[in-house]
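The values are calculated or read from the model by the stated rules, or taken from the named source; none is laboratory data. Computed from a prediction, not measured in an experiment: that's the story for all the values here. Heads up, the Cβs are rebuilt from the backbone with ideal geometry, glycines too, and the neighbour counts pull from every protein chain shown. These accessible areas exclude ligands, DNA and RNA; they are computed on the full protein's heavy atoms, side chains included. Shrake-Rupley method; radii C 1.70, N 1.55, O 1.52, S 1.80 Å.
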Amino acid sequence: MQPDFVDIKSNLELACGIRGYKVLFLPKFHCKLNFIEQCWGYAKRMYRQFPPNSSEAILEQNMLKALDAVPLTSMRKFATRSLRFMDAYRKGLRGKQAAYAVKRYRGHRTLPLSLFEDLNTLN
């Protein structure tokens, strides 16, 4: 980004700011590393439960209801799960190993060091 434009807000930031929202741009990662994607998936499941409609106003209302239906506790769980995946990747795990570790140690915020011993006994 050029220095002249660093302090200029995007149209998205301006539109959201008018409505009282703050835009947070996150880096592009896999959906398991970005809890917003998991929240969005939850909202999409809720949205699909509404009956089909061709009215744009009703579709917008349904979308807002679906977004509001995502519980804060679920958002927190998604964030913790994303942190565990990041920790697994940081510790050198990949793919199935990371998924196993996140599922196996879901009561922990970070994965224990004994994880590698557990994985060696499985292999």
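Beyond 19 Å between alpha-carbons counts as too far, so tell me which of K32/K91; K32/K65; K9/K65 fall in that bin.
Over 19 Å apart, Cα to Cα: K32/K65; K9/K65.
If region 49-103 were replaced by its equivalent ellipsoid, with semi-axes equal to the square roots of 5 times the Cα gyration tensor eigenvalues, what would those be, largest first, whole Å?
Those come to 36, 12, 8 Å.
Whole number please: convex hull volume per residue of the Cα set in region 28-70, in Å³? Mind dumping the intermediate values first?
Working: hull volume 3.3 nm³, N = 43.
Given the Cα convex hull of region 28-70, per-residue volume reads 77 Å³.
Using a probe of 1.4 angstrom, how much of the accessible area of region 44-93 is carbon and sulfur, in percent?
Carbon and sulfur: 58 percent of the exposed surface of region 44-93.
Along region 40-54, what does the Karplus equation 6.51 cos²θ - 1.76 cosθ + 1.60 (θ = phi - 60°) give for ³J(HN,Hα), rounded to whole Hz, x for Gly and Pro?
For region 40-54, the Karplus curve yields 4, x, 4, 5, 5, 4, 5, 4, 5, 7, 6, x, x, 8, 9 Hz.
Output needed: percent of Cα pairs per 10 Å distance bin for the chain, bins running from 0 to the one holding the longest distance.
Once binned at 10 Å, the Cα pair distances of the chain give 11, 28, 27, 21, 10, 2.
Counting other Cβ atoms within 10 Å of each Cβ, which trypsin sites (Lys or Arg not before Pro) in region 48-109 have at most 10 and sit in a DSSP loop?
Passing both the DSSP loop test and the Cβ count: R48, R94, R109.
Where only protein heavy atoms count, and the probe is 1.4 Å, what is the accessible area per residue for region 36-103 in Å²?
Each residue of region 36-103 exposes 69 Å² on average to a 1.4 Å probe.
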